[in-house]
Amino acid sequence: MPRAKPFADRWMPIPIAGKPTEEQHQRLRVALEHALADAVPEIVQQLDRRGILRLLEDEAALTREMSDQIGSIVRARALRVEQFPAEEVPSEKTYLQEYRIKTIPGQVTLLRSLFPEIKEAQCNEMLARFDLPQGAEAWFAFPRWQCLGATYNLALERVLAVLATQRRFDNRIQGKLGPDYLRQTDRAVQAWELIGSSQAGANILVAPAQAGMRHRGRSARRAHAMMDSNEFGLGAFATAILILMHPERVCRAETLMIDASGDEYSILGNGEFERVPLFDVGMSGLEFSIFHRDRARGMWGTPSGFVVEAVP
């Protein structure tokens, strides 16, 4: 069998926020020009003749260094790499040795057996033959949540109920999973819409993802700030599916635990979504609870997915 073509030859990342319009490009150019127009006169006025002569000794180098500095500032702000730097701590937590990712056919077969609603669901399993995008660990299968519930929240409860039949499970926010308490992030909604539209006709979606190591030791919002343009946090629904397919991922206290930051949680149900769902292991087995989105712990990591498209 011929080897599948590598990722770079067949796929490209899709920026989740979409490609900028010409109007947005023009607005940014005007903003940068205004910033220079405001800054340059003040800087020049502060220099004496000697200082100006030194700068003019190598005008090309001055122009190059200014361009590099402006580019660095713009890229840093666009990528938000400087956001919440204090919300990251060292972590030595890893996956357990027994954690093995099932093949896509194996995941799909298990999903169909656990959920009668998707017993006949279509899935483009061939996608998993291609190499992975940068940052991803494997291809994973996820049902469209719409196949398991009338709302995202009901679909999540459906998956958690099945999870409870497979292992010891303690839902610590039972009864508080309605839309006033839990919702998907806008970025996650956009990402799943892009993935779903690219796999039209399939009710079991195939997506590249990583199960937490990439962002271990980071707070949920620091992890989001560090994600690539085509990367998004997995929410509680997708994370529960991942754990359901791979119970060895979170089965003992020494493993890397999971915060599902593709969702937001309001502890009072009052519109202030300051927490994220959390999966960890405690005395009662696998536990589902919540944690602060702005606090870093070395024992947790954020799983994420990646949006890609085929290149003709």
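Please work out which one of (1) more than 14 Å from PRO143 (Cα to Cα); (2) of a type outside the set (A, V, I, L, M); (3) outside any helix (DSSP H, G or I) is the condition GLN190 fails and give its number.
Unmet condition: (3).
Within the range 257-293, can you find the residues that are more than 17 Å from HIS246 (Cβ to Cβ), within 16 Å of the chain's Cα centre (by Cα) and part of a loop (DSSP other than H, G, I, E, B)?
The answer is SER261, GLY262, ARG293.
Evaluate the following for ARG144: is it in contact with a Lys or Arg (Cβ under 6 Å, 6 or more places away or on another chain), surrounded by fewer than 19 Cβ atoms within 10 Å (Cβ to Cβ) and modelled with pLDDT of 95 or more? Steps first, answer last, please.
Working: in contact with a Lys or Arg (Cβ under 6 Å, 6 or more places away or on another chain): no; surrounded by fewer than 19 Cβ atoms within 10 Å (Cβ to Cβ): yes; modelled with pLDDT of 95 or more: yes.
When the stated conditions are applied, ARG144 does not pass them.
Keeping to the range 149-187, report how many residues are assigned to a helix (DSSP H, G or I) and either more than 25 Å from MET227 (Cβ to Cβ) or out of contact with any Gly (no Cβ under 6 Å at 6 or more places or on another chain) (or both).
To start, the set of residues in the range 149-187 that are assigned to a helix (DSSP H, G or I) comprises 152-166, 186-187.
Applying the additional criterion that residues be either more than 25 Å from MET227 (Cβ to Cβ) or out of contact with any Gly (no Cβ under 6 Å at 6 or more places or on another chain) (or both) yields 152, 154, 156-166, 186-187.
Residues meeting the conditions: 15.
Could you list, in sequence order, the residues of the range 216-245 that are part of a helix (DSSP H, G or I) and among the small types (Gly, Ala, Ser)?
ALA220, ALA223, ALA225, ALA236, ALA238, ALA240
Could you please let me know if VAL276 is surrounded by fewer than 20 Cβ atoms within 10 Å (Cβ to Cβ) and under 26 Å from ALA138 (Cβ atoms)? Reasoning before the result, please.
Details: surrounded by fewer than 20 Cβ atoms within 10 Å (Cβ to Cβ): no; under 26 Å from ALA138 (Cβ atoms): yes.
The answer is no for VAL276.
With the requirement that a residue be touching a residue at least 60 places away in the same chain (Cβ under 8 Å) and touching a Leu at 6+ places or on another chain (Cβ under 6 Å), what does the range 146-164 give you?
Residues of the range 146-164 touching a residue at least 60 places away in the same chain (Cβ under 8 Å): 152, 155-156, 159-160, 162-163.
Listed by number, the residues that qualify are ALA155, VAL162, LEU163.
Do we find a residue being over 18 Å from LEU177 (Cα atoms) and in the same structural domain as LEU194 (by TED's automatic domain parsing) anywhere in the range 259-280?
No: the range 259-280 contains no residue that is over 18 Å from LEU177 (Cα atoms) and in the same structural domain as LEU194 (by TED's automatic domain parsing).
Of everything in the range 228-245, what is of a type outside the set (A, V, I, L, M, F, W, C) and crowded, with 21+ Cβ neighbours inside 10 Å? Give them in sequence order. Spell out the reasoning first.
Within the range 228-245, the subset of a type outside the set (A, V, I, L, M, F, W, C) is 228-231, 233, 235, 239.
Listed by number, the residues that qualify are ASN230, GLU231, GLY233, GLY235, THR239.
Has the range 207-227 got at least one residue that is free of Cβ contacts under 8 Å to residues at least 60 places away in the same chain and surrounded by fewer than 21 Cβ atoms within 10 Å (Cβ to Cβ)?
no
What number of residues in the range 53-72 are hydrophobic (A, V, I, L, M, F, W, C), farther than 30 Å from VAL307 by Cα and surrounded by 11 or more Cβ atoms within 10 Å (Cβ to Cβ)? Quick ask: steps written out before the conclusion?
Kept after step one, since they are hydrophobic (A, V, I, L, M, F, W, C), are these residues of the range 53-72: 53, 55-56, 60-62, 66, 70.
Filter once more, keeping what is farther than 30 Å from VAL307 by Cα: 53, 55-56, 60-62, 66.
Those still in the list that are surrounded by 11 or more Cβ atoms within 10 Å (Cβ to Cβ) too: 55, 62, 66.
Counting residues in the range 53-72 that are hydrophobic (A, V, I, L, M, F, W, C), farther than 30 Å from VAL307 by Cα and surrounded by 11 or more Cβ atoms within 10 Å (Cβ to Cβ) gives 3.
When the range 98-132 is examined, which residues are found to be out of contact with any helix residue (DSSP H, G or I) (no Cβ under 7 Å at 6 or more places or on another chain), in a helix (DSSP H, G or I) and closer than 20 Å to VAL162 by Cα?
Hits for the range 98-132 are GLY106, THR109, SER113, PRO116.
The values are calculated or read from the model by the stated rules, or taken from the named source; none is laboratory data. Small disclaimer: the values here were computed from a predicted structure and weren't measured. Please note: Cβ atoms are built from the backbone with ideal geometry, for glycine as well, and neighbour counts cover all protein chains shown.
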